Every structure is written in C-alpha cells, then in structure tokens.
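The values are calculated or read from the model by the stated rules, or taken from the named source; none is laboratory data. It should be emphasised that the depicted structure is a prediction, and the values quoted were computed from it without experimental measurement. We place every Cβ from the backbone using ideal geometry, glycine too, and count neighbours over all the protein chains shown. The area values use the complete protein model at the heavy-atom level, side chains included, leaving out ligands, DNA and RNA. Shrake-Rupley method; radii C 1.70, N 1.55, O 1.52, S 1.80 Å.
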Amino acid sequence: MKLSRIRLDLGVWFFSLILGCGSLQVLATEVPHVVLDITYEEHTRQVHIQAKTNLSPQSPKFFLSKDATLYSVDTTRPLAVAVSQSIDTHIFSLINGQRETSVTIKYSLMLPESNKPGVMADMSGRADWSGSSSGAFLPGSRIWYPFFNKASTTHLTVKTTRGLLAIAPGLQTEQREQDSYQFSVFDMPQPIVGIDLMIGTWVVNKKMMSGLNKEITIQTYFNEGNSDLSEEYLTLCERYIHFYEKLIGPYPYSSFTVVSSPFPTGLGMPSLTYLSEKILKYPFIKNRSLPHEIVHNWWGNGIQPTHTSGNWSEGLTTYLADYWQAELTNEELAKEMRYGWLRDYASISNEDERSLHNFTSRYHTASSTIGYGKSAMVFHMLRNLIGDSQFINCLQEFWLQHQFDSAGFHDIRDTCQKHTSIDLTKFFDSWIPSVGAPRISIELGNDVSSKPQLSASQNGGWIFVLDVEISSQEETHSLTSLITDRSTKLNLPDIKRNSLLVKVDPDFNVWRELYPHERVSTLRDFVVAKHPIYIQLNPNIIDGSELISSHFLEHRIKEKYRYEFNNPENDITIVLGGVHEIIERLNKSGASIDFDELASKVDSEFLMVSTHISNTPTLLIGVSASMTEEKLAMLIRRSRHYGKHSWLSVSKTGKTHKGQWSIKEQYFEF
C-alpha cells in the first residue's frame, strides 16, 4: 500500500516523541533487539528494508516513519498486532492480552537528493536523510527502523553496489563481496537509542588497541582527499581513548570509527563520529571536536540523559573534552575558554535564556550557550567546590552505576554527595532550575570591633567558590571564599594600606555577569542581535543585506538604509561598504579599539569588525569592489565560525586573520 509522505521536523520531532511518551527508557527488564536487512539502490535512491523484532508486554509498541512504504507485515501470532498511524509515524502495537510475538515488516524509503534544500546541516550539526549515486545518509532521528522509545540492540546487514561501503554503530563482524554487491554486517550488543546509517566511497584504515578490559578496533573511513590524515587520526583516537579510560572508566564499545561526511556535519553516535570532509585537516577538529565525540561514548551514548530533567551530557562532554584538553595544554588557554563561555552568555537576551533543567538540545546560539557553556561551567564550579580527586572519583562511580542506563542531574548530585560533606542539593538547586547569573559586587565596611570588613554581594542565592585578589601599593593577597548567601563576609588579610584594589573572580571561574570593562565586542554579538538595521555606504558595491540575514544572523534585518543614515534610535547596526571606507569610518569613529592592527588590513578582500560607535553596537563589513554575490555568501557563512573574535579579515590570497580586543580588568577601589 502507498502511504502519503509527510516530512518530519528532524531532531525536534524525535525528542518530542520521546518526551511525549514519558522518560526515555534505556535499560529495562527487557531490551528489544532489531534485525535489519537493508539494500540501497544508488541510482533510484531507494532503500529496501526487512526488519525483524519482537513485541511483548514489556515492549508493546514501536514506531516507523510514515515516509516508509509498507509492503507486508507478518507476525508469528495472527491478529496479535495492530497497525495505526499518527501524523508522522506508523505505530505497531501489541493488542492487549496478547503474548510476545515476532514481527517482520518489509518496506522501502525514497531518499531526497543530497543537494536538495533542507538536507544540509542545521545548527546542531545534523544533516537530514538523503541519497545519491555516491552514497546515502539515514539519521536515526528519522525513525527509518522500528523505534521502541527506548534503547535496543541491533544487527544490521547492508547490501550495496560494489564500491559503496556502509558504516553504522557497532562492530563490523563481516564484510564480503558477492557478484557485483558488497555486504557489510554490524552488531551492536549494547543498547543504543538511534541507528544512523552512512553509505559512501571511502578509503578504510584500521588499527587495534588494547583498552582497559578489551581489544578495541579503531578505524577511519575517509574520502580519498583526506586519506593521508588517516594515520594521524588513528594515533589521536588511541591516545584519547586511553586518556579517558583512565579518567572515566573502560570504553563502552568494541570499536570507534571516524567517518568523513560530504555534508557540513559534526555529530557523534555510539562508536563513531561523522565529520565534514572539508574540516578534518584543521587543528580544532583534532584537538577539540575529536575528543568531544569520543567522550560522548560515555556521556550521551553510554549514559543517556533523562531529557525531562535537563540534558547534562553536552555540558559534561564539553568540560571533559574541549575544556580538559585546553587545561592540559596550559592554564591561559583554559582561562580563555572560561571567559569565552561568559562572553557568549553576555550576548544572549533574557527572553532567549532557558534553565539547564529545560535544555534538551542545541537549536540556536542561546541554547548552545546554556546547554554547553553554562553546563560546562557548572561542572567546573562543582570540581572547585569538592576538589579534583573527589570530582574524578564521582565521575568514575557515576559511570559504573549508570552505564547503558538513563540518568539526570540529580543522579550526578547523589553520586558526588558520597564524596563530600558539602550539601550539594543546595548547589544543584541554585544552578540547574535557575536562569540568570550572579552580579557580584564588593563592599568595604566594619565588623563589630570596627575593623575593616570586606563583603561580597550577589543578586541571588547561587552557591559558588569565589576567588578575590586584594592589592595595596606594597603587597597582593589572594583569598578564596564559599559564597552561599546574597551577602558573604570575606576574611580581609592583615595588609598595609592607604587604598585597596579588589579584583573579583580574576580568572573567570564562576558563571557570572561580566563587568562592563570585561565585555569586549565580538562578532557573535551580531549573530544573536534582535533585528538590527542595515546601512549600505556605497551604491557601487554589492548589497549584502539579504546574504547577511540568510547566512549570518539568527534574526533578520529590520530596516535597510542608504549612505549617511544617522540612526537616531541607536538601533544595533550593520554597515557595509568598501574596505577603505570601513577603515576610514573606524578611524573617525573614536571607537576604543586597537586601530593600528586593522589599518594594515586596508588591502583585504573582506573585513568584518565588531565595535561600538557613539555607544551603538556596530558591525562594520568591508568588501572589495570585485566581490561577487557567491563569494560574499561564502565569506559571510564562514564568519559565523569566528564568533568569539572581535574582527576578521580575508586577504586577496585567501589568508585569514582574526583578533580580539583587549579585555580590561575590573577593580573595586577603596
């Protein structure tokens, strides 16, 4: 029977299905097992599937995308299964009172072409399902296989034309050629949520490593242009897995594979990661993205977050991967990352902010700032509160207790509570359900004996460890205090003084509001800006307003103006002109920036500068007279990746330069 095809809202629908049916069940008394025999026809983009599984009183229902054309449904018990439909899915349900029955369904899917709009990666780094003569991608969020609303084990056999390879979560147990076809077999004995299938033409390289309790197969599936990176990636994967096994516990799967993607993706799934082939060569992929995806095998895949109480896995993964690797490099790099989280937070509006309790997945900059940045900083503050060794012991015990199960923030709290006498309920209650951040001030008064007394005040009841640096003309003292109330007295050291300078949280160890002097202008300020205005300085240069709205901003431009519009309402402003015009405008603006560094970029092909002009946030964009619409669109898209920087220039030879305005320290003076 032919059924109508209704497009699913990728990712969002998947989570709404899970949340709508209650908490995701990862480890239950019975784990469903799904056997899939898959054939991909690359010339028609059709996927033919036979799926076998069981329905039982413990697992009485599964879902399948309504985009599937069903051919047959067979059961071992006649009339034991009912098939119904929702807006987006076929629903297969065990009829009340029936015992366990085996279900075999045959169906097909027609994949969209890979170059169709909507296929490319979204904010989360995910691409939609698609197919071509050179490959296919079926993300698990499309429910292209029987999905039980809980984790299942899987066995996949994938048949492709010879020359096309398949890769899926799990250990590849067989790969053979027969006639003109390639057969790939994958086993995933650990329960997982979401089966992603990738088909393509890759150069495959492998090595074996000895994990803590088993041999682990490490693989790269790279396109030919990146095959020379394979040895480096295999070495890095082995190093990272060894490191995190010692930090957390045994690696949960039998293999780990890095797969190059033709899409601008960056996503992880159990036992593998799918990364854009265009960025595999870059250091930030090797040093941050790769360990991030490896750590997800513990947090997010090995233990699923209970989404109804907040997704903790992105923050903990960011902290242990991105941040921990930076900290191992040097403290200055770690401090820069902590500042970056706070600076990102300063860019988002109150209306876009959500609590960690309400974070499920990244869908725009504000959600990323909270779910990744704030969450990572909360784990950093927890570590500072209970101590390094206790924090690591907590991680290891949490992994042992909850692997292949689901867990929430409260489970992390309860595990860590065993390793400290500090009341962690108050700490978690102050950070997980709340929005906002401490606005910290320092006051000097006198205690009951009239001795000078410093106190730290905040605008809420957050709990954190606060570092304060106190200086006089002769000496400097540092002190650390536990802040638990709106006002906390600090132990003022015995210091000779005529005057005191007090720096609060000088190393950015607290999730807090930055002081005005600490907030430098960044490009990300304009990515999240609410409906800025646009001024075109030069009529002879390409109008970039539509390209900027489409490829850079999260909220479209409100109004367009020409030439010398003076912006009487002080709206957030984007100005586009020739590079010379932009440099000249900066020179005349009196903006407090390092102008000399930008003056040398006068011959750039593209220049983007974030600053304030007459107290108005202003993004200045300079382009060469020969700039084409296609090239400007590419440069504007690329600029989003430099959000933490204050300025960006691209030379006529394609070389990129970037920089950030100097951060000024905030002092309280007494």
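Observations on the model:
- Test: residue in the stretch 352-360 that is in contact (Cβ under 8 Å) with a residue 12 or more places away in the chain, of a type in the set (F, W, Y), open to solvent by 20 Å² or more (accessible area, probe 1.4 Å) and within 30 Å of P617 (Cβ to Cβ): no
- Every residue from the stretch 627-670 that is within 18 Å of E546 (Cα to Cα) and assigned to a loop (DSSP other than H, G, I, E, B): M627, T628
- Test: residue in the stretch 589-596 that is open to solvent by 40 Å² or more (accessible area, probe 1.4 Å), modelled with pLDDT of 90 or more, out of contact with any helix residue (DSSP H, G or I) (no Cβ under 7 Å at 6 or more places or on another chain) and under 24 Å from K335 (Cα atoms): no
- Residues in the stretch 425-438 that are assigned to a helix (DSSP H, G or I) and touching a Leu at 6+ places or on another chain (Cβ under 8 Å): F427, W431.
- Residues in the stretch 620-637 that are in contact (Cβ under 8 Å) with a residue 12 or more places away in the chain and either buried (at least 18 other Cβ atoms within 10 Å of the Cβ) or of a type outside the set (G, A, S) (or both): L620, I621, G622, V623, S624, M627, T628, E629, L632, L635, I636, R637.
- I557 passes every criterion in (1) of a type outside the set (D, E, K, R); (2) more than 30 Å from M627 (Cβ to Cβ); (3) touching a Phe, Trp or Tyr at 6+ places or on another chain (Cβ under 6 Å) apart from (2).
- Yes/no for N96 being at pLDDT below 90 and within 39 Å of the chain's Cα centre (by Cα): no
- Matching residues, the stretch 375-394, being under 18 Å from D429 (Cβ atoms) and under 12 Å from the mean Cα position of the chain (by Cα): S375
- Here is the figure for the stretch 464-509: residues that are touching a residue at least 24 places away in the same chain (Cβ under 8 Å), among the polar types (S, T, N, Q), in a strand (DSSP E or B) and under 23 Å from I663 (Cβ atoms) total 1.
- Test for K207: is it within 18 Å of Y145 (Cβ to Cβ), in contact (Cβ under 8 Å) with a residue 24 or more places away in the chain and either out of contact with any helix residue (DSSP H, G or I) (no Cβ under 9 Å at 6 or more places or on another chain) or not hydrophobic (A, V, I, L, M, F, W, C) (or both): no
- Residue match in the stretch 629-643 (condition: at positive phi and either at pLDDT below 90 or touching a helix residue (DSSP H, G or I) at 6+ places or on another chain (Cβ under 7 Å) (or both)): no
- Count of the stretch 234-261 residues which are touching a Ser or Thr at 6+ places or on another chain (Cβ under 7 Å) and part of a loop (DSSP other than H, G, I, E, B): 2
- Some residue of the stretch 171-183 being over 30 Å from S59 (Cβ atoms) and under 26 Å from the mean Cα position of the chain (by Cα): no
- Filtered by the rule that a residue be exposed (fewer than 13 other Cβ atoms within 10 Å of the Cβ) and closer than 23 Å to V31 by Cβ, the stretch 54-73 gives a lone residue, P57.
- Residue in the stretch 416-438 that is open to solvent by less than 50 Å² (accessible area, probe 1.4 Å), under 26 Å from the mean Cα position of the chain (by Cα) and within 19 Å of I248 (Cβ to Cβ) present: yes
- Those residues of the stretch 309-361 which are closer than 24 Å to R413 by Cβ and aromatic (F, W, Y), in sequence order: W312, Y319, Y323, W324, W341, Y345, F359
- Test for A127: is it open to solvent by 10 Å² or more (accessible area, probe 1.4 Å) and at pLDDT below 90: no
- For H410: the one exception among (1) open to solvent by 30 Å² or more (accessible area, probe 1.4 Å); (2) free of Cβ contacts under 8 Å to residues at least 12 places away in the same chain; (3) not polar (S, T, N, Q): (2)
- Extreme residue, surrounded by the most Cβ atoms within 10 Å (Cβ to Cβ), among residues of the stretch 455-505 that are of a type in the set (S, T, N, Q) and over 26 Å from T425 (Cβ atoms): S471
- Scan of the stretch 527-548 for residues that are farther than 16 Å from V623 by Cβ and either hydroxyl-bearing (S, T, Y) or assigned to a helix (DSSP H, G or I) (or both), ordered by number: V527
- Under the condition of being under 17 Å from the mean Cα position of the chain (by Cα), open to solvent by 20 Å² or more (accessible area, probe 1.4 Å) and under 21 Å from V520 (Cα atoms), the residues counted in the stretch 315-339 number 1.
- Matching residues, the stretch 264-302, being surrounded by fewer than 21 Cβ atoms within 10 Å (Cβ to Cβ), in a loop (DSSP other than H, G, I, E, B) and in contact (Cβ under 8 Å) with a residue 60 or more places away in the chain: P264
- Some residue of the stretch 490-499 being among the charged types (D, E, K, R), out of contact with any helix residue (DSSP H, G or I) (no Cβ under 8 Å at 6 or more places or on another chain) and farther than 16 Å from L444 by Cβ: no
- Here the stretch 638-651 is the region considered, the condition is being more than 24 Å from the chain's Cα centre (by Cα) and among the hydroxyl-bearing types (S, T, Y), and the residue that is surrounded by the most Cβ atoms within 10 Å (Cβ to Cβ) is S649.
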